[in-house]
Structures are given as C-alpha cells and as structure tokens.
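Okay, structure first, notes after.
The values are calculated or read from the model by the stated rules, or taken from the named source; none is laboratory data. These figures come from a predicted structure and were not determined experimentally. Positions of Cβ are backbone-derived with ideal geometry, glycine not excepted, and every protein chain shown enters the neighbour counts. The accessibility values were calculated without ligands, DNA or RNA, using every heavy atom of the protein model including side chains. Shrake-Rupley method; radii C 1.70, N 1.55, O 1.52, S 1.80 Å.
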Amino acid sequence: MTKVAATFAAGLWGTLAQAADDVTLQLKWVTQAQFAGYYVAQDKGFYEEEGLNVTIKPGGPDIAPTQVLAGGGADVTVEWMPAALAAREKGLNMVNIAQPFKSSGMMLTCRKDAGIETTDDFAGKTLGVWFFGNEFPFLSWMSKLDIPTDGSDDGVTVLKQGFNVDPLLQGQAACVSTMTYNEYWQVIDAGLTPEDLQVFKYEDQGVATLEDGLYVLEENLDDPAFEDKMVRFVRASMKGWKYAEENPDEAAEIVLENDASGAQTEEHQKRMMGEVAKLTAGSNGALVVEDYERTVASLLSGGSDPVISKAPEGAWTHAITDKALN
C-alpha cells in the first residue's frame, strides 16, 4: 500500500470510528430533574463514550409520548407503565426495556380543612385527577376502595386537573394529584403547611404503578443494530442516573443548563432532584418482575371498566438490561 493510500485508509477508518449512532429520546414532560439522568449522561459524555449521538426531546401538556413513538418521532420514550400497557392493548406494541424508577412518586394531596383525614372521607368530595394516561392508577385505586367516580353521593366527583394545583388552592377540589418531587412543593410554596395537608402516597396504598420506564416499539427490537444501540443507551443512561443520585446538586444544575424555556428555578430543581433520587434508588435499570406484576394487578382491578382487559404478553424484556449491565 502506498503512503497516500495508507493515509487515506487511516483517515477513512477514523471517520467511520467517529460516526456516532443517532438516538432520539422523547421525555414524558418538560425539562426538569425528573429526567436528570439523561441530561447528566449527555453532559458527562456517557453517551459519547458509547458511540451515541442522543437527542433529548422535552415533553409538555400537548405531547403524548406514545403517539410520538408510534409516529416514528423517537426511538425510545419515557412513559408510565399504565399508559404504555393501555396503548399496547390498543395495538401499539410498546415494550419496557429498562426501569430507572424503582418507586412511585404519585400522591393525592388533600386539605384537612376540606374534611379529609382518611380515605373514608373521599365520598361526596371533588378530587383533582390528571388525565392523558395518568388517570389509570387513580381509577384503579378508587375501584379497590369501592368508591364510584360518577359524582354520586357515595362516590367522588372527578375534576380533570390541569398540570397545576390551582383547584386545591382555590377550593374547587378537596384533593389534587401531585408528585412527591414537584406539585406537592407547589402547594407548600403557595402558603399551605404540611400540617394543613393530608397526603396519600400510592405506594402506601398498595396501588402504586411503575413510572418513568424506557419504552421502544417491539418490532424495532428485531433489528440487531437497534438492539445494540439500546444496550449502549441504557448503559449510559443508568450511569447518568447513578451519578445524579450521588451528585444531586450538580445534576440539578445540568438540568437548568438544558432548560431552554428558562422556567425552572435552582431551588425547585435541587429540591426535585433530592426527591427523584429517592425514587431511582435501588434500581440498576432492570425491571423487577414483581413490580410489573403489581402494576398489572392494579390496572386489572378497575371493576367494570379496568384499564386493561387482560394481562399483557411480551410487554417487557430483560434482553437489553442483561447485556447493558453485564
């Protein structure tokens, strides 16, 4: 081989070696510490080390991750399992490939001055509930409590809650949906104290369903190249999550640097990261089958109108995490 040819070959090989594989991640909500692990993985070069060029697309009130995935707008999405399983039953073959969140952060936050002390006090009250797939755990919980959601005297009136806590603050609802890491603190910041409130954590009520898992389309996993990309993506993402757990303040700062909206504050994001770290703690990224089965059981317990009509098949796989974590 001539010197020129050798130089050309070396240059070509360098170009090929540097060509990163593109991956698009769709988040479930706006840029915030709820997704810190992915932003940390990007900022710290963990994706780059795995030969990946990752685009992180924020979500929002008008963005349904399942629809983005179905339309080919993302390779992988962050979604709650109830929404993913409901979509799967309707024909969108979403598969859970990793589960960074071990615990649920969902709560119902109620005002004591509205007469709420225990779940027995729900009857006759108006409760704020998020929809767009977030209502499924709530409906399963009410079914377990044998409380109708039809607005009857012995049931509850469901208020379709926006992504804020105004109904609680303005007296339109006795309780509203909150996350431990976000909306609960909006209530506190608005002037109510923890002593003014009665909170019901879904984890404590035995109806917690899995949140913030990573999902792809089943047919894409048939492609070895796609599977390999997801192995590298999950490995780097979990590295990002564990770094975020150990360095919460730095992780929050990285999130703020990526907030194009400028809406987030340092205090809120650092507080959020501290709470989110409690939810990812104990997860190495692999789905715990018992947690999956609990989620399915909760979704099947919807009385005459369950979230899903039968236990799904093929809705999760350990194939990615087995390779990513070993």
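In the full protein context, the chain carries 44 Å² of accessible surface per residue, based on a 1.4 Å probe and ignoring ligands, DNA and RNA.
Charging the Cβ of each Asp and Glu at -1 and of each Lys and Arg at +1, and nothing else, the dipole of region 61-167 about its Cα centre rounds to 360 debye. Summarised as an ellipsoid, region 184-239 has semi-axes of 40, 15, 9 Å, derived from the eigenvalues of the Cα gyration tensor scaled by 5 and square-rooted, with the largest first.
Give me the extension gain from residue 120 to residue 20: residue separation times 0.36 nm, minus the current Cα-Cα distance, reported in nm with one decimal. Computed gain between residue 120 and residue 20 is 30.4 nm. Largest mean-square fluctuation among 148, 65, 137, in a Gaussian network model of the chain whose springs join Cα atoms under 10 Å apart, belongs to 148.
Sequentially through region 60-73, phi angles give Karplus couplings (6.51, -1.76, 1.60; θ = phi - 60°) of x, x, 9, 10, 9, x, 4, 5, 4, 5, 4, x, x, x Hz, Gly and Pro residues having no value and appearing as x.
Running a GNM on the chain with Cα contacts under 10 Å, which residue among 277, 236, 19 ends up with the highest mean-square fluctuation? Per the Cα network of the chain with a 10 Å cutoff, 19 tops the list. Applying 0.36 nm per residue to the separation of residue 323 and residue 260 and subtracting their alpha-carbon distance, the gain on full extension is 19.3 nm. Can you give me the angle between helix 224-246 and the longest principal axis of the chain, using Cα atoms only, in degrees from 0 to 90, rounded to the nearest 10? The angle comes out at about 60 degrees. Within the listed set 106, 142, 81, the Gaussian network model of the chain (springs between alpha-carbon atoms below 10 Å) gives the highest mean-square fluctuation for 142.
Taking 7 Å steps out from each Cα toward its Cβ at residue 225 and residue 57 produces label points 2.0 nm apart. Given region 202-326 reduced to its alpha-carbon atoms as identical point scatterers, what log10 I(q)/I(0) does the Debye formula return at q = 0.10, 0.13, 0.19 Å⁻¹? For region 202-326 at q = 0.10, 0.13, 0.19 Å⁻¹, log10 I(q)/I(0) is -0.44, -0.73, -1.15. Restricting the calculation to Cα atoms, the chain yields a radius of gyration followed by a Dmax of 21.6, 89 Å.
Between helix 266-280 and the chain, what is the angle of the helix's C-alpha long axis to the longest principal axis, kept within 0 to 90° and rounded to the nearest 10? It works out to around 90 degrees.
Can you send over the carbon and sulfur percentage of the accessible area for region 97-173, probe radius 1.4 Å, protein chains only? List each step's numbers first, then the result.
Values: 1470 of 3210 Å².
Here it works out to 46 percent.
What the Cα convex hull of region 121-171 gives, in volume per residue, is 74 Å³. Across the options 68, 321, 82, the greatest Cα extent toward the positive end of the charge dipole of the chain (unit charges at beta carbon of Lys, Arg, Asp, Glu) belongs to 321. Where does the Debye-calculated log10 I(q)/I(0) of region 136-276 sit at q = 0.08, 0.12 Å⁻¹, using only Cα point scatterers of equal weight, no solvent? For region 136-276 at q = 0.08, 0.12 Å⁻¹, log10 I(q)/I(0) is -0.35, -0.74. Within the shell defined by Cβ-Cβ distances under 13 Å, the residues around residue 210 carry a net charge of -4, with Lys and Arg each +1 and Asp and Glu each -1. Inter-part distance, region 289-326 to region 125-165, computed on C-alpha centroids, equals 23 Å.
With Cβ to Cβ distances under 14 Å as the rule, what net charge do the other residues near residue 219 carry (K, R +1; D, E -1)?
On the way: positive: 88; negative: 75, 218, 222, 223, 227.
Taking every other residue near residue 219 into account, the sum is -4.
Computing Rg and the Kirkwood Rh from the Cα coordinates of region 29-109 gives a ratio, Rg/Rh, of 0.97.
Within region 60-184, the proportion of C-alpha pairs whose separation exceeds 27 Å stands at 26%.
Please determine, in degrees from 0 to 90 and to the nearest 10, the orientation of helix 3-18 with respect to the longest principal axis defined by the Cα atoms of the chain, where the helix direction is its Cα long axis. That helix lies at roughly 10 degrees to the long axis. Taking θ as phi - 60° and the Karplus parameters 6.51, -1.76 and 1.60, the scalar couplings of region 20-32 work out to 7, 7, 7, 9, 10, 10, 9, 7, 7, 8, 5, 4, 6 Hz in sequence order, x denoting glycine and proline.
For the pair region 15-66 / region 260-283, the C-alpha centres are spaced 17 Å from each other.
Given charges of +1 on the Cβ of Lys and Arg and -1 on the Cβ of Asp and Glu, with all other atoms neutral, how large is the dipole of region 136-288 about its Cα centre, in debye to the nearest 20? Walk me through the numbers on the way to the answer.
On the way: 11 positive and 29 negative charges, 46 e Å.
Dipole about the Cα centre, nearest 20: 220 debye.
Run the numbers for residue 300 and residue 196: contour at 0.36 nm per residue of separation, minus the present Cα-Cα distance, in nm. Each step should come with its number before you reach the end.
On the way: separation 104, 0.36 × 104 = 37.44 nm, distance 3.41 nm.
Extra length from residue 300 to residue 196 when fully extended: 34.0 nm.
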